[in-house]
1. Output ³J(HN,Hα) for the range 136-147: one whole-Hz value per residue in order, computed from phi by the Karplus curve 6.51 cos²θ - 1.76 cosθ + 1.60 with θ = phi - 60°, and x for Gly and Pro.
2. Roughly how many Å² of W253 are accessible to a 1.4 Å probe, to the nearest 10?
3. Excluding residues on the same chain fewer than 8 positions from K166, give the lysines whose Cα lies under 18 Å from its Cα.
4. With every protein chain left in place, what is the accessible area per residue of the range 135-195 in square angstrom, probe 1.4 Å?
5. Based on the inverse mean of 1/r over its pairs of different Cα atoms, what is the Kirkwood hydrodynamic radius of the range 101-145, in Å?
6. By how many nm would the segment from R33 to V138 lengthen if fully extended, with 0.36 nm per residue of separation less the alpha-carbon distance?
7. So what's the net charge close to R228: Lys and Arg +1, Asp and Glu -1, counting the other residues with Cβ under 9 Å from its Cβ?
8. If amide H atoms are built 1.01 Å from N in the plane of the peptide, which residues on other chains or at least 5 residues away come under 5 Å of the amide H of V64?
Amino acid sequence: MPEVQLRTSVIIPAYRAAGSIRAAIDSVLAQTRPVEEIIVIDDGGDPDLAAAMHGYPSIVQYVVVPHGGASAARNAGIRMAKGDLVAFLDADDQWLPWKISAQVEAFERWPDLGLTCCTIMTRVPGRADKHIIPHRLVSTGVPARLSAHDALSAATEIGLSTVVVKKRVLPDPAFDNTLTTAEDRDLYVHILLRHQMLAFNEPGTIYAVREDSLSRRERDRTGADSLRVLEKHRSAIPLSTYRFWKAYLLFEWALSVSDASRSLQLLLRSIRAWPMPRSRRYSLLMGGRLQWVGILVWSAAKNTFNRNQRRGIPPR
């Protein structure tokens, strides 16, 4: 064991989470390697949540802050944290017992490591748990410094409740309050462009699938925020990588939009950002975009034909 052991602070933002908070905290207390502090940030103040916090040991701190959203709550917790490492856990997720031990030992073994993460078990009521392995994060067992393309790709697949980071690599503020849906992706990109990461392929987090989550409900905002993240880090990204990711994010945004006219506008912006394929990866993007354009044009023509039929206008 190393002479100096790293201390870990766990940040749990909680908003109306009285029904799940104890399971989250208990999963941290059940870790095979104890953490030094657990900071629960009550986003706005909830009497039911306050009541649920009774009976915990002194390492569990309960702090009420004015309602400002999860990013503001996490930033408040980071400012309070005394640990060398910061681990994030959402109030309705849980950890498996091995998680912190393996991740902290990795930081102690490799001093240049900036971020570790693991895979997840998704939990949907009434269904069996499912192990999700992000296909771009298959671990080699040693830390890696990612290329800009791979950093942007990895940032789309990391779950925040799986992450432990070295506190000194965090920007200030760590989470951008102006981003509604991609604040965690923004943080990952910042760290992965500058520091090594290590991904564990074993599930360490039980993720509660939330069908009404913000990213599911506000797909337009998700697309816009993802592009803002790319623009924020543009100076650290090669031009070809930047143009490809701008095209890809616009294409992904177009696929999530139900309005055909809006979707077509986003597709045209995607093609302008990166018009021609350069490799198999880029060719797949080009083919996907052209296929979607064809679907939209066919859908628009069909809708026009149906409207004309209802109005009694014969086809030309």
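The values are calculated or read from the model by the stated rules, or taken from the named source; none is laboratory data. Please read all numbers here as calculations on a predicted model, not as lab measurements. Glycine also receives a Cβ, built like all others from the backbone with ideal geometry; neighbour counts cover every protein chain displayed. Surface accessibility is based on the protein's heavy atoms, side chains included, excluding ligands, DNA and RNA. Shrake-Rupley method; radii C 1.70, N 1.55, O 1.52, S 1.80 Å.
1. Couplings: 8, 10, 5, 7, 9, x, 9, x, 9, 9, 7, 5 Hz.
2. Rounded to the nearest 10, the figure is 20 Å².
3. K82, K99
4. It amounts to 40 Å² per residue over the range 135-195.
5. Its Kirkwood hydrodynamic radius stands at 12.6 Å.
6. 35.3 nm
7. On the way: positive: K232; negative: D176, D186, D225, E231.
Cβ neighbours under 9 Å give a net charge of -3.
8. D42
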